[in-house]
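As structure tokens, the structure follows; a few thoughts come after it.
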Amino acid sequence: MRLIDHHCHGVITGPLDRRRFESLLTESDQPAPPGCTAFDSQLGFAVRRWCAPVLGLAPHASPDDYLDRRRELGAAEVNRRLLAEAEVDAFLVDTGYRADELTDPAGLAAAGATAGEIVRLEAVAESLEGVSAEGFADAFTAALDAATAHAVAVKSIVAYRHGLDFDPARPARREVTAAAGRWLRGGAGRLDDPVLLRHLLWAGVDRGLPLQLHTGFGDPDLDLGRCDPLLLTGFLRATRDAGVAVLLLHCYPFHRQAGYLAQAFTHVYLDVGLAVNHVGARATAVVAESLELAPFHKVLYSSDAFGLAELHHLGAVLFRTAFDAVTGEWVAQGRWSPGDAARVAGLVGAENARRVYRLAIDCGC
């Protein structure tokens, strides 16, 4: 099953001590209690099962042995092995979060893949300098045009900054000016004004590129109860004739709701990235649920890997394994034909992403 990872981040190229490594195995912003470890999780077990052999260890190697081997090989070799063994044809990379710590898209492409950039709307707005309240809207449009000149998509983290229960209407120019004035007077730091967030979303729609939206779980900076994609229903109605694909990222534990939206709205797509890694041995159940309501041409693959090449590798391995197990069972039961299973694997793995993002990638599909 060839894969295009339609949403991920770069990897850390320097050495990692145990504390830092374990911090990247969890969405928590707090370390495990004394005497406990982040390795005692579905994700931690999956690293020891699937990544250890790539580094020359036996499956289920101990955390100490795994980290010792990682240090012995060095970050560059670890990253090279894990990224190459993921066998991903293209990485679409969100460069809007802690980019100074991570490889850029070209760095991931060095593993033998193609790479593209996803531009984060909030990061573009927060990078504006010397802008006035009256000039904010035009300055943002110009900055977004420049930032997306070679990008494949834009992304919003309105789920983190406000929640998905926002007013779906495009804000009026006077509202944007007033909101920009409040934001600038407050120091123009973290952009969390709901009017400005709506303006960024609609500017992204106007840009004409696919629009990615974080939904579902993440770190404690978000309120999960306000990240149910069903809260986007009004915005999806408002954008259904805009000619722009809306990609619901991650979605768990609301992936069934996202499947409904993908069926109800022709411009809506989903993935279960991030979740597949974190649920580990339960990935088969999550992948099966993501295929319940959503049309198969609406389901994409992503890892949402951040920092650790292990997460890029695991995303690919666990998704392939889960997809094969789910569809293999349906074939064995006579519910699907082998030909249909192979065709849907091609859609979900790469063909849907190539179509949505207009990627000229020969992935062997």
Elements of type helices (runs of 4 or more DSSP H) contained in the stretch 282-358, each with 2 or more residues being closer than 16 Å to Asp89 by Cα and either modelled with pLDDT of 95 or more or touching a strand residue (DSSP E or B) at 6+ places or on another chain (Cβ under 9 Å) (or both): 309-332, 338-346, 352-356
Contacts under 8 angstrom Cβ, first residue in the stretch 96-114 being within 15 Å of Lys155 (Cβ to Cβ) and polar (S, T, N, Q), partner part of a loop (DSSP other than H, G, I, E, B) and at pLDDT below 90, 6 or more apart: none
The listed residue being more than 20 Å from the chain's Cα centre (by Cα) and β-branched (Val, Ile, Thr), out of Thr215, Thr239: Thr239
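Each row is one residue, and each column tells you yes or no for (1) within 30 Å of Thr141 (Cβ to Cβ); (2) surrounded by fewer than 16 Cβ atoms within 10 Å (Cβ to Cβ).
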position	(1), (2)
Leu25	no, no
Arg48	no, no
Ala58	no, yes
Tyr66	no, no
Val78	no, no
Asp89	no, no
Ala113	no, no
Glu117	yes, no
Set Leu261, Leu248, Leu231: member being in contact with a Pro (Cβ under 8 Å, 6 or more places away or on another chain) and assigned to a helix (DSSP H, G or I): Leu261
Scan of the stretch 179-196 for residues that are at pLDDT below 95 and closer than 18 Å to Thr141 by Cα, ordered by number: Ala188
Qualifying position, being closer than 30 Å to Arg98 by Cβ, touching a helix residue (DSSP H, G or I) at 6+ places or on another chain (Cβ under 9 Å), buried (at least 24 other Cβ atoms within 10 Å of the Cβ) and not aromatic (Phe, Trp, Tyr), among Gly280, Gly273: Gly273
Checklist (1) farther than 23 Å from Asp228 by Cβ; (2) aliphatic (A, V, I, L, M); (3) touching a helix residue (DSSP H, G or I) at 6+ places or on another chain (Cβ under 7 Å); (4) not in a helix (DSSP H, G or I) applied to Ala151, failing item: (3)
Scan of the stretch 183-199 for residues that are more than 17 Å from Ser156 (Cα to Cα) and touching a residue at least 60 places away in the same chain (Cβ under 8 Å), ordered by number: Ala188
Residues located in the stretch 239-263, provided they are of a type in the set (A, V, I, L, M, F, W, C) and crowded, with 16+ Cβ neighbours inside 10 Å: Val244, Ala245, Val246, Leu247, Leu248, Leu249, Cys251, Phe254, Ala258, Leu261, Ala262
Tally of residues being within 25 Å of Leu231 (Cα to Cα), part of a helix (DSSP H, G or I) and free of Cβ contacts under 8 Å to residues at least 60 places away in the same chain across the stretch 154-179: 6
Candidates Arg174, Arg207, Arg182 - the one that is in contact with a strand residue (DSSP E or B) (Cβ under 7 Å, 6 or more places away or on another chain) and more than 29 Å from Glu27 (Cα to Cα): Arg207
Which listed residue is of a type in the set (A, V, I, L, M), over 24 Å from Leu347 (Cα atoms) and assigned to a helix (DSSP H, G or I), from Val124, Val119, Val131: Val124
Cβ pairs under 7 Å, 6+ apart, first in the stretch 321-346 and surrounded by 13 or more Cβ atoms within 10 Å (Cβ to Cβ), second among the aliphatic types (A, V, I, L, M) and not in a helix (DSSP H, G or I): Phe323/Met1; Val326/Leu291; Ala345/Met1
Residue match in the stretch 197-212 (condition: at pLDDT 95 or above and in a strand (DSSP E or B)): yes
Count - residues of the stretch 28-46 that are within 20 Å of the chain's Cα centre (by Cα) and loosely packed, with under 14 Cβ neighbours inside 10 Å: 2
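The values are calculated or read from the model by the stated rules, or taken from the named source; none is laboratory data. Treat the numbers as computed from the prediction; the structure is a model and nothing was measured. Please note: Cβ atoms are built from the backbone with ideal geometry, for glycine as well, and neighbour counts cover all protein chains shown.
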